[in-house]
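Asks: Quick one: the structure is below, questions incoming.
Where a number appears in this text, it was derived from the coordinates with a stated rule and is not lab data. What you see is a predicted model; the values in this text were computed from it and never measured. Don't worry about glycine lacking a Cβ; one is built from the backbone with ideal geometry, like all the others, and counts go over all protein chains shown.
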Amino acid sequence: MFRFDNAAVRRQDRLLAEEAACELLRRGEYGVLSMQAEAGGGYGLPLSYVWDGDARIYVHCAPEGRKLRCLDRCPEVSFCVVGRTEVCPAKFTTAYESVVLACRAVRGLDPEERMDALRLLLEKYAPEDCETGMRYAEKSFHRTEIIRLEILAGSGKAKVVRK
């Protein structure tokens, strides 16, 4: 399991417990991968992902592109998952839950790990169509890159708004 540490969160009154953070990672629909751009500055992308329940997140993409060039240049990244949100206009605030992870991106995974990651993605996003999805994954395997995000540390934050 990755190191979960809320000590550095500025608003200690808004901490998301480790169990709730793990649940958010498990059920989150997408995450934002933030990287260092090729020429400096930042580059962030929303991505479908799957968490392995331990210390790895997997994302898939094409085998070439800007994201991969950024990761090759600097594999240290941030990954953020935002769960439920609700704008509360009468209170001038927003209720939310989020997890922020410090990660190291790894490419060049062996075929077995890549296929396992695709299976995990299918089980999360298309559980009723896993068998068909695996056949599709096998056919398109040569044009699919899998990135493993090794989670180094994470923290969680939430704001509950009483009505």
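Asks: Report, by residue number, each residue of region 105-122 that is in contact with a strand residue (DSSP E or B) (Cβ under 8 Å, 6 or more places away or on another chain) and part of a helix (DSSP H, G or I).
Replies: In the first step, residues of region 105-122 are kept if they are in contact with a strand residue (DSSP E or B) (Cβ under 8 Å, 6 or more places away or on another chain); the result is 105-107, 109, 113-114, 117-118, 120-121.
GLU113, ARG114, ALA117, LEU118, LEU120, LEU121 - these are the residues of region 105-122 that are in contact with a strand residue (DSSP E or B) (Cβ under 8 Å, 6 or more places away or on another chain) and part of a helix (DSSP H, G or I).
Asks: Here is a follow-up. Please specify each residue of region 139-152 satisfying the condition of being hydrophobic (A, V, I, L, M, F, W, C), surrounded by 15 or more Cβ atoms within 10 Å (Cβ to Cβ) and either free of Cβ contacts under 8 Å to residues at least 60 places away in the same chain or in contact with a His (Cβ under 8 Å, 6 or more places away or on another chain) (or both). Working first, answer last.
Replies: To start, the set of residues in region 139-152 that are hydrophobic (A, V, I, L, M, F, W, C) comprises 141, 146-147, 149, 151-152.
With the extra rule that they be surrounded by 15 or more Cβ atoms within 10 Å (Cβ to Cβ), the set shrinks to 146-147, 149, 151.
Passing the criteria: ILE146, ILE147.
Asks: Condition (residue is surrounded by 11 or more Cβ atoms within 10 Å (Cβ to Cβ), closer than 26 Å to ARG10 by Cα and of a type in the set (Gly, Ala, Ser)) applied to region 103-112: is it met by at least one residue?
Replies: Just the residues of region 103-112 that are surrounded by 11 or more Cβ atoms within 10 Å (Cβ to Cβ), to begin with: 103-107, 109.
Of the ones still in play, those that are also closer than 26 Å to ARG10 by Cα are 103-104.
Right, trim to of a type in the set (Gly, Ala, Ser) and you get none.
No: region 103-112 contains no residue that is surrounded by 11 or more Cβ atoms within 10 Å (Cβ to Cβ), closer than 26 Å to ARG10 by Cα and of a type in the set (Gly, Ala, Ser).
Asks: Right, next: Any idea which residue in region 135-162 is farthest from GLY65 (Cα to Cα), counting only those that are among the basic types (Lys, Arg) and not in a helix (DSSP H, G or I)?
Replies: Within region 135-162, the subset among the basic types (Lys, Arg) is 135, 139, 143, 148, 157, 159, 162.
Those still in the list that are not in a helix (DSSP H, G or I) too: 148, 157, 159, 162.
Details: ARG148: 16, LYS157: 32, LYS159: 36, ARG162: 45 Å.
Within region 135-162, the match that is farthest from GLY65 (Cα to Cα) is ARG162.
Asks: Have a look at TYR43, TYR136, TYR125 and point out the one that is surrounded by 11 or more Cβ atoms within 10 Å (Cβ to Cβ), in contact with a Ser or Thr (Cβ under 9 Å, 6 or more places away or on another chain) and without any contact (Cβ under 8 Å) to a residue 60 or more places away in the chain.
Replies: The conditions single out TYR43.
One line per residue, one yes/no per condition, for (1) under 23 Å from ALA158 (Cα atoms); (2) touching a Pro at 6+ places or on another chain (Cβ under 8 Å); (3) buried (at least 17 other Cβ atoms within 10 Å of the Cβ); (4) touching a residue at least 12 places away in the same chain (Cβ under 8 Å):
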residue	(1), (2), (3), (4)
ARG11	yes, no, no, yes
GLY31	yes, yes, yes, yes
ALA37	no, no, no, yes
VAL59	no, no, yes, yes
